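Right, one structure below, let's go through it.
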Amino acid sequence: MVSVIVVVFAVVCLFIPTVRTSEDLWKLECQPTVGIAAQTTDIRCSIRCPIKCSGHIELVGVALTKVKQEKPVFEHIINETPSGDPRFSLVNPVKDPSLQLSDTVFSDEGEYEYYVATNMGEKTERLSISVIAKYRDPVTNSWPESVTDGGPVDLYCNASDGYPAGTIHWFDKSENNLTINSIMTKSIKDTNGSKSVALSSKLPFKSIHSILAPFRCVVFNSKFVKEGEKTFQIMLKWGSEQEHSNTRNIVAGVMVIGSLTAGLLFALLFCRRRSVQNVRQASAQPILSDYDPGKTADPDLETGTETGTD
Ligand SMILES: *[C@@H]1O[C@H](CO)[C@@H](O)[C@H](O)[C@H]1NC(C)=O
Ligand SMILES: *[C@@H]1O[C@H](CO)[C@@H](O)[C@H](O)[C@H]1NC(C)=O
């Protein structure tokens, strides 16, 4: 009996160091994963060795299980057909334990345990997946729609269908940060596990100066990464600066058309007079002798002035 115990003890003692060295030989490391809804997510994991080993370690099989669930969501024994959710796959089935997840959905969010078996032992590592959704391009408007220079106005910049809640910043033409004056509204929607947030930022002015325009609003996601931006002009009402320049343009246009018309009338007048004179020269010599060069006006054409001078 005693000899059996001794043998068992000896065997255990022999095994413990080998098991420990195998444990220290490599480590499984997984980065926290942020996936984008409806896109492919890379779940980056790697085998790390204190001493060079990567060339010798080969995967035998992997299994990914959601914490508190029994059944793995994905299982792949190398050289066999993978089982579980077909959206998961191993990036490089021999050397690399990294996974890919296509068509990411919000229900993929959570904590997982990732089991990796190799020719040099096995490891289990926790990994987390969070899912975000990109905001649509922002849309802008002002209320009232047309603005009086120096008058009140609210500018709006809205971005929808993102997740989780992000934020919107405002800048004027000279890149001054106006965000502090703005008011953010976030409305959260959750329809059948598809979560989204609609952001609306209002930038109110008691008295706006058109010289500050155009304005720019920038949409950031929850990780403060810029996702979109929009530059927009305000529409100025009659009586404000832009309209003055419009009036000036109209006046200039009228003047051009007016002078063209006047020029045309002069040309017509001149041609008519010359033809009348030619006719008189040819057919009525006596009239020509009566002709007074001081009188330039032709009675046929300008009866009004003629009656005055005669
Ligand atoms: C943005 O949202 C605000 C508040 O919900 C709304 O009044 C405004 O009309 C929206 N603007 C656009 C361009 O959707
Ligand atoms: C603009 O102002 C906001 C709030 O005051 C601040 O959080 C943000 O970092 C500023 N952005 C820049 C680019 O200075």
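What follows draws every value from the coordinates through simple rules; no lab data is involved. What you are looking at is a predicted structure, and each value in this text was computed from that prediction instead of being measured. Positions of Cβ are backbone-derived with ideal geometry, glycine not excepted, and every protein chain shown enters the neighbour counts.
What to note about this one:
- In units of the rule-of-thumb radius 2.2 N^0.38 Å, segment 53-110 shows an alpha carbon radius of gyration of 1.20.
- 3J(HN,Hα) couplings calculated from phi for segment 97-111 with the Karplus curve 6.51 cos²θ - 1.76 cosθ + 1.60 (θ = phi - 60°) are, in sequence order, x, 5, 10, 10, 10, 8, 6, 4, 10, 4, 6, 6, 4, x, 9 Hz; Gly and Pro show x.
- Between the amide H of residue 178 and those of 170, 171, 172, distances stay under 5 Å, these residues lying 5 or more places away or on another chain, with hydrogens modeled in the peptide plane.
- Amide hydrogen neighbours beyond the local backbone of residue 37, cut-off 5 Å, H modeled: 132, 133, 134
- Nonlocal amide H pairs with residue 236, under 5 Å, H built at 1.01 Å: 147
- For segment 207-213, 3J(HN,Hα) per residue [Karplus equation, 6.51 cos²θ - 1.76 cosθ + 1.60, θ = phi - 60°, Hz, x = Gly/Pro]: 8, 9, 10, 4, 5, 6, 7
- Stretch gain in nm, segment residue 103-residue 51, where the contour uses 0.36 nm per residue and the Cα spacing is subtracted: 15.0 nm
- Whole-Hz Karplus values for segment 89-96 come out as 7, 7, 5, 9, x, 9, 9, 10 Hz, taken residue by residue from phi with 6.51 cos²θ - 1.76 cosθ + 1.60 and θ = phi - 60°; glycine and proline positions read x.
- For GluC sites (Glu not before Pro), the sites in segment 44-91 that DSSP calls loop and that have at most 16 other Cβ atoms within 10 Å are 58, 70, 80.
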